[in-house]
Amino acid sequence: MMKEKITIEESFLGETEKLLEELLKNHFTSKYCKLDAFTKVKIKSVINRVVKQEIDYLNDDPKNYFEIYGEDHLMN
């Protein structure tokens, strides 16, 4: 049961990262974006690190992870 919950949560985190990357890509290519290339790379890197650390935490201590973040969303 826990392995299935971890798999579902990892998938959710991966999809969240993809969505954020797509939104950033759209913003970065818009005429409203005033960020330089270095800042764009840093933003992408932060998002990647945050998601990776979240997945690591999920796998290192799934019981605590789900106690903190809940698991109601797993029912959706």
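The values are calculated or read from the model by the stated rules, or taken from the named source; none is laboratory data. Note that the coordinates shown come from a computational prediction; the quantities given were computed from them, not determined experimentally. Methodologically, a virtual Cβ is constructed for each residue, glycine included, from the backbone with ideal geometry; neighbour enumeration extends over all protein chains shown.
Test Ser11 against the criterion of being part of a helix (DSSP H, G or I) and hydroxyl-bearing (Ser, Thr, Tyr), and give yes or no.
Details: part of a helix (DSSP H, G or I): yes; hydroxyl-bearing (Ser, Thr, Tyr): yes.
When the stated conditions are applied, Ser11 passes them.
Of all residues being surrounded by fewer than 10 Cβ atoms within 10 Å (Cβ to Cβ) and assigned to a helix (DSSP H, G or I) in the range 61-76, which is modelled with the lowest pLDDT? Just the residue, please. Before you say what the answer is, go through the steps one by one.
So in the range 61-76, the residues surrounded by fewer than 10 Cβ atoms within 10 Å (Cβ to Cβ) come out as 63, 68, 70, 72, 75-76.
In the following step, the residues that additionally are assigned to a helix (DSSP H, G or I) were identified as 63, 68, 72, 75.
Working: Lys63: 94, Ile68: 90, Asp72: 73, Met75: 67.
Here the answer is Met75.
Return only the number of the condition from (1) among the aliphatic types (A, V, I, L, M); (2) in contact with a helix residue (DSSP H, G or I) (Cβ under 6 Å, 6 or more places away or on another chain); (3) free of Cβ contacts under 8 Å to residues at least 24 places away in the same chain that Leu19 does not satisfy.
(2)
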